[in-house]
């Protein structure tokens, strides 16, 4: 009788370890799905120049970020291994969030940008652009073609 309880405990411990190991090896779903970005209407822009490829590296990997170009706001996702940038407007970003929900993925918090936040951003952006001009460098947004030419209709 004492032998069975020891054997039972050993088997139970082995089962728990096997379960823990299988959970640890289960791949996690990516935070951002490139397929869903494309389905939502995000356009891809190939990083064809060394400057564009370098800029991809500076963007936050694995997440959709906001970017302003020529006074308009865009949502961008860097695909560094494939050397491309997914670009969308607010409409595409909202469609992407809806697709995440319909596919059972946890939803991301939409960036909450207030007017004061945007004014602060624009002020900092202007200061950084001025500093870049003094240093004779090209602002990061200027190395990409105008995203407005990707076919969005307001």
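Worth a mention:
- Residue match in region 19-32 (condition: under 23 Å from residue 150 (Cα atoms), touching a helix residue (DSSP H, G or I) at 6+ places or on another chain (Cβ under 9 Å) and either in a strand (DSSP E or B) or modelled with pLDDT under 85 (or both)): yes
- Looking across region 56-76 at every residue that is modelled with pLDDT of 90 or more and in contact with a helix residue (DSSP H, G or I) (Cβ under 6 Å, 6 or more places away or on another chain), the one that is surrounded by the fewest Cβ atoms within 10 Å (Cβ to Cβ) is identified as 75.
The values are calculated or read from the model by the stated rules, or taken from the named source; none is laboratory data. These figures come from a predicted structure and were not determined experimentally. We place every Cβ from the backbone using ideal geometry, glycine too, and count neighbours over all the protein chains shown.
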